[in-house]
1. At a 1.4 Å probe radius, carbon and sulfur cover how many percent of the accessible area of the range 46-141?
2. Given the range 332-405, report the % of alpha carbon pairs whose separation exceeds 17 Å.
3. How large is the helix-only mean residue ellipticity at 222 nm for the chain, computed as the sum of -39500 (n - 2.57) over DSSP H runs with n ≥ 4, divided by its residue count, in deg cm²/dmol to the nearest 500?
4. In the chain, which longest range has no GluC sites (Glu not before Pro) that are both DSSP loop (not H, G, I, E or B) and surrounded by at most 13 other Cβ atoms within 10 Å?
5. Express in % the proportion of alpha carbon pairs of the chain at distances exceeding 31 Å.
6. Pull out the extension gain between LYS262 and LYS381, defined as 0.36 nm times the separation in residues minus the alpha carbon to alpha carbon distance; nm, one decimal.
7. Sequence-distant or interchain residues sharing an amide H contact under 5 Å with VAL551, placed H: which?
8. Out of the chymotrypsin sites (Phe, Trp or Tyr not before Pro) in the range 272-354, which ones are loop residues according to DSSP with at most 12 other C-beta atoms within 10 Å?
Amino acid sequence: MSMHRIAGRALWALALFLFSVAGVLAAEQADTILVNGKIVTVDARFTIVQAAAIKGQRFIAVGKNADIRKLAGKETKVIDLKGHTVIPGLIDNHAHFIRAAEHDELRFDGVTSRKQALKMLADRVKASRPGEWIATLGGWSEEQFNDDPRGFPLAELDKIAPDNPVVIQAVYRHSYLNTAALKAAKIDESTPDPKGGKIEKDANGKLTGLINGAGGVAFVAAKIPLFDKEDWLANTRKLVTTLNSMGITAWLDAGGRGMGDKHYEPFKYLADHGELNIRAFYTTIRQPGTPAQVDKVLAEIPTLKPFQGNDYFENVGYGESVYGPATSRLLSKEFDPKPENMKEVHRIAQALADRGLFLNAHAELTAAIDGFLDIFEDINKVKPIKGLRWTFSHLDQVDETELGRMKKLDMYAEIHSRPLIQGALMHKVHGDRAWDMPPFRRVQDSGIHWGLGSDATAVTTSDPFNTLWFAVTGKMIGGKKVNRQTITREEALIAHTRSNAYFLFQESNLGSIQDGKYADLLVLDRDYLKVPADQIKDIKPIITMVGGKIVYEAKSNTKGK
């Protein structure tokens, strides 16, 4: 073979080699890198690094600035974090945000002054058209106001909003209405009390504007008009942006009152069009209240097919209130697990086990937890549930024995921050026992798999940094200490990120900043690990990223270059 031919082949081989190397290098070039930060990965070792690289929707590397900068190409976006702290996107394991999109609510979450709440209402009235409803459907309680801990009388609401129907709902306890709302809802002195509620009247038989009881709250909420399709979609976008601004990048939705296909359609539409900037996972909810209604649920369960969506919008199973009459209440001192009611729970749970479906069961008080565990243990003898990730939500009174029983069944625990607004009320109902409701430290030390969530929007605030603050300090909105079962801020952050990914069946994709996981992250305005504990509630994201895309950016923050 001539020297020319040998040289030619060598040059050709070298060209092929260089081409392949160039291809590998191009494949490793990041779309975005974040440098000069304090990136709290929340991996198994709780590693803290300087920088991270993202390609497409996923992290491809984390580590030192110098190493990550090597992955930058000409088109790579570089975000200089300038020392800011980064954490994984926060995951709420139990919330009712899908339902929240049905109204553009005025929210009093985190407001500690009644005077400020009144100003917020007055501002909303000024910005509203005459006749437009203004609703606050929970997320606050009178006890959080430090200046004047009381509600909103009819005359006061009428003065602020003479031409707009106003409904201000406190938790699920009662609702305050003005005259315009009473008229629009067609509620007068002759209206019968709704089931589970009471329309209050003064000594002269005149309406006071106060409607009490959970049944009364639901009765009023059902009177508020819903958006039409286009406005509902627009409000869904607005809600998602609000959640992103708080630092929420994913959650497990537990459904709720009056929900149907119309509630899920806007989220599905956005997901199908690649426009959903948050990850919404949900459980099917039916809440039967009679044996006949249970029969209908049993006929439906064989048709349920979870996990047919994608990593932005997905059904994962069934929950939350398994059978209405067997549902405990946080502000009730006792729960009676009547045999006829628990029989219906057993029927539904058995059908779910037979289908191999995930179940989230609402249980708060000791008698409810024990009653459900008795049923689940019986089912497990016939159809093992280990591996199905069956979960209890709330568990405010769970003890060591019950946690041990749960561990044997490989059950998980969703623990929530409802005392943020109900803590003082819980102490009135449960006395000293309320100091340990929920028992964060007990659950953490048990070794059971658990996660931290809110149960927003009606019974607590939505802001996850309020939840983290409560778990660390034991304080309710307004600053009153109501819980002594606190945990460390590291434990709380793990519970609100990596641990919660399991409830979504997304532990391989979400919950930590690691190679191969989705690039869901928050750049914070202060250091979560270093700020005084009382300032955790005040932390704000300056950048929220979901799947490598910036979905929220504060007006003043670090800039890409």
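The values are calculated or read from the model by the stated rules, or taken from the named source; none is laboratory data. Everything numeric in this text was worked out from a predicted model, so none of it was measured. Cβ: placed from backbone, ideal geometry, glycine included. Neighbour counts: every protein chain shown. Keep in mind that these areas ignore ligands, DNA and RNA; they rest on the heavy atoms of the full protein, side chains included. Shrake-Rupley method; radii C 1.70, N 1.55, O 1.52, S 1.80 Å.
1. Working: 2030 of 3930 Å².
Within the range 46-141, the accessible surface is 52 percent carbon and sulfur.
2. Numbers: 1109 of 2701 pairs.
Of the Cα pairs, 41 percent sit more than 17 Å apart.
3. Numbers: 17 runs with 189 residues, N = 561.
Counting only the DSSP helices, I get -10000 deg cm²/dmol.
4. With a cap of 13 other Cβ atoms within 10 Å, the longest stretch comes to 335-561.
5. Values: 80540 of 157080 pairs.
Result: 51 percent of Cα pairs exceed 31 Å.
6. Values: separation 119, 0.36 × 119 = 42.84 nm, distance 3.92 nm.
So the extension gain works out to 38.9 nm.
7. Here THR544, MET545, VAL546 satisfy the definition.
8. Numbers: sites: PHE281, TYR282, PHE307, TYR312, PHE313, TYR318, TYR323, PHE335; in loops: PHE307, TYR312, TYR323, PHE335.
The qualifying sites are PHE307.
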